[in-house]
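The values are calculated or read from the model by the stated rules, or taken from the named source; none is laboratory data. A quick note: this is a predicted structure, and the numbers were derived from the prediction, not measured. For neighbour counting, all protein chains shown are included, and Cβ atoms are generated from backbone atoms with ideal geometry for every residue, glycine included. Remember, those area values only see protein heavy atoms, side chains included, never the ligands or the DNA or RNA. Shrake-Rupley method; radii C 1.70, N 1.55, O 1.52, S 1.80 Å.
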Amino acid sequence: MNKYTAHNALFAIIVVLLVVVGILSVWLFAESDALDRHERIRHQSFMLADELKQSSDDLTRFCRTYTLTGDSIWETKYWETLAIRNGRMPRKNGRTISLQDSMQKLGFAKDELALLKEAEDKSNELVRTEQIAFNAMKGIFADSKHQFSITSVPDTLYAQQLLFDKDYHENKERIMTPITKSFNLLDSRTRQNVTDTIVRKDNILKSILLLIVIIGALSFYAILTLRKRIIKQLLKVNLLNTDLDNQVRKRTGELEFEKENLTKLNEELKKERLNSEQNEQNNKILFEILPIGLALAKMTGELVYINKAYTDIIGYSEKETLQLSYWDITPETYVKEEQQQLESLNKTGFYGPYEKEYRHKSGALIPVRLKGRTVVINGEAFIWSSVENISQKKKKEKELHLAKEKAEESERLKSAFLANMSHEIRTPMNSIIGFTELLKVKNLQEEQKNQYIEIINFSGNKLLSLISDIVDISKLDARQLTLSYGDCHLNKLIDNLQKQFKISNLNNNCEVKTSKGLSDTVCSLSTDELRLTQILSNLLENALKYTDNGLIEFGYAMKENMLEFFVKDNGKGIAPDDCKIIFDRFIQAENNHLTSGPGTGLGLSIVKSLTELLGGKAWVKSSLGKGSTFYFTIPYKNTKL
C-alpha cells in the first residue's frame, strides 16, 4: 500500500466515524425524548390516581352532607362530579373525557386496566347504595324488582345509616384496593422504563465521547501527514516557477516590439469603434426609453422592429411580437378604416394621426393613437409608426362624464329633498301656529282645548323628530357622531318598543309581534342602546307607514357571533329595482314608487349609517304585494347584568 492509498483510507475511516457519531447523536436525542415521555406518563398517572381518589372522596362527602343537611346543592354537586368523572360533562379546562379514557390514552397495560375495571364495577355498586340514600331522602323506595316506584315519607335516618355503616366503609375500601394495585403496577413499569432509558442514554453518550477522542487523534495524525506532503509539493512548484519566469522574460522581450506596432493600430480602430458604438447606444437608449410605442413593419404588415413601450401596449414579449403581423392585433371592425389610412400612406407617404383599438394578449381592446410614414431601407419600403396608449385618457374622460352625471343626479336629489323638506317642516309648523291661535279663543271648551294641545304636541314631536334626523345625518356626514357603549338588556328593549308602538299605533287593524333569539339570562350585550333603539324605531315606523292592515313582526336571532335583527310587514312591498336604492339618501323625495306617506327619505339612510357605525350591515328582501323584511346585524358582545 503506497502513501496516497493510506491517506485516503485514513480520511475514509474519519468520515465513517463521523457518520457513526451522527447516528449515535440522533439515537441520543431519541432516547432523551423517550425519557421525557416516560417521566410525563408517570406524572400524569399520579395526577389521575389523585383525581380518582379525590373524586371518590368528594362523592362520599357530597352524599353524606346531603343526608345530614337535606340541601339539594350537595346532590347537584354529587351528580356533576360523577358526570365529569364519567366523561358526560366538561371539566374546568373545557375537555370532556372520562378518567378511564384518560388512563387508556396514557397506555395502561391490560392487567392495570382490568384492576381499574374491577374498581369501576365496585364503584357502581357503591353509587347504587348512594342512589338509594338519595331517594330515601325524597321518600322514594325500591320495590321487589329493584325499581324506585314506592313513594312514602322521607326516611333521613335510613339514608344516613346506609352511608355511615360498616358495609359502606368496607365497600369503599374494596374500591380503592384495585385502584392502588393498578397504579402501583403502572408506577413500577414506568419507573423501569425510565431506568432502562437512562442506562441506554449514558452508554450512547460514552460511545460518542470515545469516538470523538478517536476522531481527534486520527485527524491530528492526518493533518501532520498532509502538511509534509504540501511542503514537498510547494518546493517542486517553486523550482518550476523559476524556470517558467526565465522563459517568460525572454518571450516578453520579443513581444514588446510587436506590441508597440499593434498599439498604434488598435488606438485608431478603438476610436472609430467607440464613436460608432456610442451613436448606436444613444439611438438604442432613446428608442427604448421613449414612452410612445415605435414599430417598423413591412408593407404587408409583418413587424420587423419594435421598442418596449410597444410590447407593453399589446401585452406580448418582444419575441412573441416579432412573430405577429400588424393585422393580428387589429380588430376586424377597423379593416375599412385601415384601408383608408393605407391609401393615404401610398399617396402622401404619411398616415394619421387617428384613433383605433389594439387587441391585447389577454383579449382586451386597448385604445391607441397612431401616426406614421414610409421609409426606405436598403431599397425596400417599410412603415415606421408611432403608437400612443390613450387608455388613461379615455378612462379620465369616462370618469369626468360619470362625475358630471353623479353631480347632476346629486343636485337633482338635493333639490327634490329640499322641496319635500320644506313641505315636511311647514306642515307641523302650520299645525302648531294654527292651533296655538285657536287656544286664544275665549270660552273654549276643555275638551276642545285638550284636543288642540294634543295636536300641537304631536306636531311638535314630529318637527323634533325631523330636526333630529337632519342633525344625525349631518353628524354622520361629518363623522362626528360618537357611540356611547354600555350594558343593554336586549329582550327588555324589544318589549319596550312593542309597548311603545302598540300605544302610538293609530291603526287598530295592524298587529305588532316580537321574536327573541336569546333567553333573558344571556341577552345582555355591550352596545349603544340609544342608537340601536333609533334603528329599530325607524324601521318600525316605516313598516307601520306602509302597512294598512295585517301583521308587523320584529325581533332578532343569533347568527354565529352576530345578532341579526329583522322588521317584517305584509304591506304593499317594494319593487326589485327599488330594493337596490332604498337605503340611499333623499330617495323617498325622488322616487314616486316609494312615496305613499309623509317622510323626508332620511330614515333608512340613517339606519344604514348607524348599523355600519355599530359594526354591522343592513339590507332588505321584498316583493310587490307581499310585504317587506328589513334586516340588519350588530356584533354580539355578551356582558353580565
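With the convex hull drawn over the C-alpha atoms of the stretch 1-122, the volume per residue is 127 Å³. As a calculated quantity, the FRET efficiency between residue 238 and residue 17 at R0 = 35 Å, using C-beta atoms, amounts to about 0.45.
Approximating the spin labels as points 7 Å out from Cα along Cα→Cβ, the residue 551-to-residue 474 distance works out to 4.3 nm.
Applied to the stretch 208-225, the Karplus parametrisation 6.51 cos²θ - 1.76 cosθ + 1.60 on θ = phi - 60° returns per-residue 3J(HN,Hα) values of 4, 4, 5, 5, 4, 4, 4, 4, x, 5, 5, 5, 4, 5, 5, 5, 4, 5 Hz, with x for Gly and Pro.
Please compute the Kirkwood hydrodynamic radius over the stretch 347-387, one decimal place, Å, based on all pairs of different Cα atoms.
On the way: mean 1/r = 0.0856 Å⁻¹.
Here the Kirkwood hydrodynamic radius works out to 11.7 Å.
In this structure the amide hydrogen of residue 634, modeled in the peptide plane, comes within under 5 Å of the amide hydrogens of 563, 565, none closer than 5 places in sequence on its chain.
Rounded to 0.05, the FRET efficiency of the residue 521 and residue 27 pair, given R0 = 60 Å and the Cβ-Cβ distance, is 0.55. Calculated accessible area for the chain comes out at 63 Å² per residue, all protein chains present (probe 1.4 Å; ligands, DNA, RNA ignored). For the chain, the Cβ-based charge dipole about the Cα centre amounts to some 1520 debye (Lys, Arg positive; Asp, Glu negative; other atoms uncharged).
Each residue of the chain gets 454 Å³ once the volume of the Cα convex hull is shared out per residue.
Indicate, rounded to the nearest 5 percent, the antiparallel portion of the DSSP beta bridges found entirely in the chain. Before the final figure, lay out each step's value.
On the way: 58 of 64 bridges.
In the chain, approximately 90 percent of DSSP beta bridges are antiparallel ones.
Taking all protein chains as present, what is the carbon and sulfur share of the accessible area of the chain, in % to the nearest whole number, probe 1.4 Å? Display every interim value, and only then the final one.
Working: 22440 of 40460 Å².
Ligands and nucleic acids excluded, carbon and sulfur reach 55 percent.
With both labels modelled 7 Å from their Cα along Cα-to-Cβ, the residue 305 to residue 79 distance reads 9.6 nm. Evaluated at q = 0.16, 0.20, 0.22, 0.27 Å⁻¹, a Debye calculation over the C-alpha positions of the stretch 512-577 (equal weights, vacuum) places log10 I(q)/I(0) at -0.64, -0.91, -1.03, -1.25. Extension gain for the segment residue 561 to residue 5, taken as residue separation times 0.36 nm less the Cα-Cα distance, is 192.6 nm to one decimal.
What lysines does residue 232 reach when the alpha-carbon gap must be under 17 Å and sequence neighbours fewer than 8 apart in one chain are set aside? The qualifying lysines are 3. Simple point charges give the picture: +1 on the Cβ of Lys and Arg, -1 on the Cβ of Asp and Glu, and for the stretch 120-231 a dipole about the Cα centre of about 1500 debye.
Just the ratio, please: alpha-carbon radius of gyration of the stretch 68-172 over 2.2 N^0.38 Å, N its number of residues.
On the way: Rg = 16.5 Å, N = 105, 2.2 N^0.38 = 12.9 Å.
Compactness ratio reported: 1.28.
The stretch 1-109: which trypsin sites (Lys or Arg not before Pro) are DSSP loop and have at most 10 other beta-carbon atoms within 10 angstrom?
92, 95
Strictly over 31 Å apart at the Cα level, which of 298/336; 122/201; 406/621; 319/394 would you flag in this model? 122/201, as the Cα separations exceed 31 Å there. The convex hull drawn around the Cα atoms of the stretch 177-232, when projected onto a plane and averaged over every direction, covers 4.0 nm².
Taking 7 Å steps out from each Cα toward its Cβ at residue 231 and residue 376 produces label points 8.4 nm apart.
Would you work out the relative contact order for the chain, in percent, from Cα pairs under 8 angstrom that are 6 or more residues apart?
For the chain, the relative contact order is 8 percent.
Adding -39500 (n - 2.57) for every DSSP H run of four residues or longer, then dividing by how many residues the chain holds, sets the calculated 222 nm ellipticity at -22500 deg cm²/dmol.
What full-extension length gain, to one decimal in nm, is calculated for residue 495 and residue 384 as 0.36 nm per residue of separation minus the Cα-Cα distance?
Working: separation 111, 0.36 × 111 = 39.96 nm, distance 8.09 nm.
Between residue 495 and residue 384, full extension yields 31.9 nm more.
Using the Karplus relation 6.51 cos²θ - 1.76 cosθ + 1.60 with θ = phi - 60°, the per-residue 3J(HN,Hα) values for the stretch 367-375 come to x, 9, 10, 10, 7, x, 7, 8, 9 Hz, with x marking Gly and Pro.
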